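Engineer: To start, I am sharing the structure in question, which I have written as structure tokens.
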Amino acid sequence: MRRQLFVWVVLLLIVVAGCTQTAVQGSSQAPDKLRLRGAAVEPPRPIHDFSLSATSGEEFRLSEQRGKVVLLYFGYMSCPDVCPTTFAELTRVYRELGEAADQVTVAFITVDPERDSLDRLTRYMAAFHEDFIGLWAEPQTLQPILDQFGVQVRKVDLPDSALKYTIEHTASVFLIAPDGKLLEQFLYGTPYKDIAEDVRLILSRS
Amino acid sequence: MKRNFWLGLGGIVVIGLILVIGVIVVTSLNKAEAREHRIVIPEGTGALIKEGKNPQVIPSEIHLKVGDTLVIENRDIVGHEISDLWIGAGETLRQEFRTVGVYKGACTVHPNAEVQIIVDES
């Protein structure tokens, strides 16, 4: 009798474990769908290749970053708050990633090529992290790149200011996956840990 | 003996089914608490805005709770900007908001050309 009871209890536990696992898997998201912390682009947007002058001294070609995650930001050096804040956060992301940062490229494209020379960009990027890359392009080369990402840029004249003008611009950080497609955008203010977590998740899946 | 066997087996099946249903119900309830807030930008929205019309696709303020997911589906043939999010033609953007905050920015869909996404505590 006891033996029979023992067998029934064991069978019951096996059935319970199996049913519970099946139910949980069935009601959760599809296993291949990433649960991202930024604004996921569905479907991921293919980005046409582009080549820009870089603070690294070599030409930067987007297609050569395949296999890495690219965190791309558009801004300008005279930006008083949003850009330096974003770069401070990206620095924290980079440090948070540790060794995984070897598989990440952080790049900054200036939307103020008139004032932001490559020399000035080099010093600006070095203030945040030696691995960050500043990119420069003539306006006619820059505009199609802005259009690909939907980056809005608007020059606002300040005739009474020493700056002469300021630039309103999209402040999101764009994440390009190792396959070269735009996978998500991080709104300004996204915690650096969220960005780092998403980078780790994408690298683990690639 | 045979009767006991079938009774036992039947009992196991019933308990298993109850557990499966229970897990499904609980996880479904958890999902329902975190809502999905969906906005669809219909085809032709860009053309209407160019003509000076107000297609009334989204409010000037989008109110969400922490844990809510904002899904913006762009069925138009042109891209649109909502706050700092750009959604290409035919794309869908999905953002789960995990922290309290206010996201303010330009909007190509709203007649005021600006929209705020306000995320409050759940």
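The values are calculated or read from the model by the stated rules, or taken from the named source; none is laboratory data. Keep in mind that this is a model prediction, so the values were computed, not measured. Methodologically, a virtual Cβ is constructed for each residue, glycine included, from the backbone with ideal geometry; neighbour enumeration extends over all protein chains shown. For the accessible areas, the whole protein counts, side chains as well, though only heavy atoms, and no ligand, DNA or RNA atoms are used. Shrake-Rupley method; radii C 1.70, N 1.55, O 1.52, S 1.80 Å.
Engineer: Among the helices (runs of 4 or more DSSP H) contained in the range A:73-167, which hold 3 or more residues that are more than 14 Å from chain B (Cβ to nearest Cβ) and in contact (Cβ under 8 Å) with a residue 40 or more places away in the chain? Spell out how you get there, then give the answer.
Structural biologist: Details: elements: A:82-97, A:118-126, A:139-149.
Where helices (runs of 4 or more DSSP H) fall fully within the range A:73-167 and carry at least 3 residues being more than 14 Å from chain B (Cβ to nearest Cβ) and in contact (Cβ under 8 Å) with a residue 40 or more places away in the chain, they are A:82-97, A:118-126.
Here's the yes/no breakdown for (1) open to solvent by less than 40 Å² (accessible area, probe 1.4 Å); (2) of a type outside the set (A, V, I, L, M, F, W, C); (3) under 28 Å from B:I87 (Cβ atoms); (4) modelled with pLDDT of 95 or more:
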residue	(1), (2), (3), (4)
A:G26	no, yes, no, no
A:V41	yes, no, yes, yes
A:H48	no, yes, yes, yes
A:F74	yes, no, yes, yes
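Engineer: Now, a different point. Looking at B:T69, B:T27 in this structure, which one is within 11 Å of chain A (Cβ to nearest Cβ), more than 24 Å from A:Q148 (Cα to Cα) and modelled with pLDDT of 85 or more?
Structural biologist: Exactly one residue qualifies, and that residue is B:T69.
Engineer: Going by what's in this entry, would A:A88 be described as hydrophobic (A, V, I, L, M, F, W, C), under 19 Å from A:L187 (Cα atoms) and open to solvent by 10 Å² or more (accessible area, probe 1.4 Å)?
Structural biologist: yes
Engineer: Checking A:I167 against (1) open to solvent by 10 Å² or more (accessible area, probe 1.4 Å); (2) touching a Leu at 6+ places or on another chain (Cβ under 9 Å), only one condition comes out false. Which one?
Structural biologist: Going through the list (1) open to solvent by 10 Å² or more (accessible area, probe 1.4 Å); (2) touching a Leu at 6+ places or on another chain (Cβ under 9 Å), A:I167 breaks only (2).
Engineer: Looking only at residues that are touching a Phe, Trp or Tyr at 6+ places or on another chain (Cβ under 9 Å) and among the charged types (D, E, K, R) in the range B:43-101, which one is nearest to A:P46 (Cα to Cα)?
Structural biologist: B:D84
Engineer: Another question about this same structure. From the list A:F108, A:F132, exactly one residue is touching a helix residue (DSSP H, G or I) at 6+ places or on another chain (Cβ under 6 Å) and within 17 Å of A:F186 (Cβ to Cβ). Which is it?
Structural biologist: Just one listed residue meets the conditions, A:F132.
Engineer: Report the residue count in the range B:64-106 for those that are within 17 Å of A:L36 (Cβ to Cβ) and β-branched (V, I, T).
Structural biologist: Looking only at that region, the number is 7.
Engineer: Filter the range A:189-206 for residues that are more than 12 Å from A:L36 (Cβ to Cβ), buried (at least 17 other Cβ atoms within 10 Å of the Cβ) and within 11 Å of another protein chain (Cβ to nearest Cβ) and give the result.
Structural biologist: none
Engineer: Can I ask one more? Is it the case that the range A:183-197 has a residue that's without any contact (Cβ under 8 Å) to a residue 24 or more places away in the chain and farther than 17 Å from A:L97 by Cβ?
Structural biologist: yes
Engineer: Continuing with the same structure: Against the definition (at pLDDT 95 or above, surrounded by fewer than 16 Cβ atoms within 10 Å (Cβ to Cβ), of a type in the set (S, T, N, Q) and within 30 Å of B:G90 (Cα to Cα)), how does A:S63 come out, yes or no? So that I can check it myself, show each step before the final result.
Structural biologist: On the way: at pLDDT 95 or above: yes; surrounded by fewer than 16 Cβ atoms within 10 Å (Cβ to Cβ): yes; of a type in the set (S, T, N, Q): yes; within 30 Å of B:G90 (Cα to Cα): yes.
When the stated conditions are applied, A:S63 passes them.
Engineer: Within the range A:110-117, can one find any residue that is crowded, with 21+ Cβ neighbours inside 10 Å and among the polar types (S, T, N, Q)?
Structural biologist: Yes, because at least one residue in the range A:110-117 is crowded, with 21+ Cβ neighbours inside 10 Å and among the polar types (S, T, N, Q).
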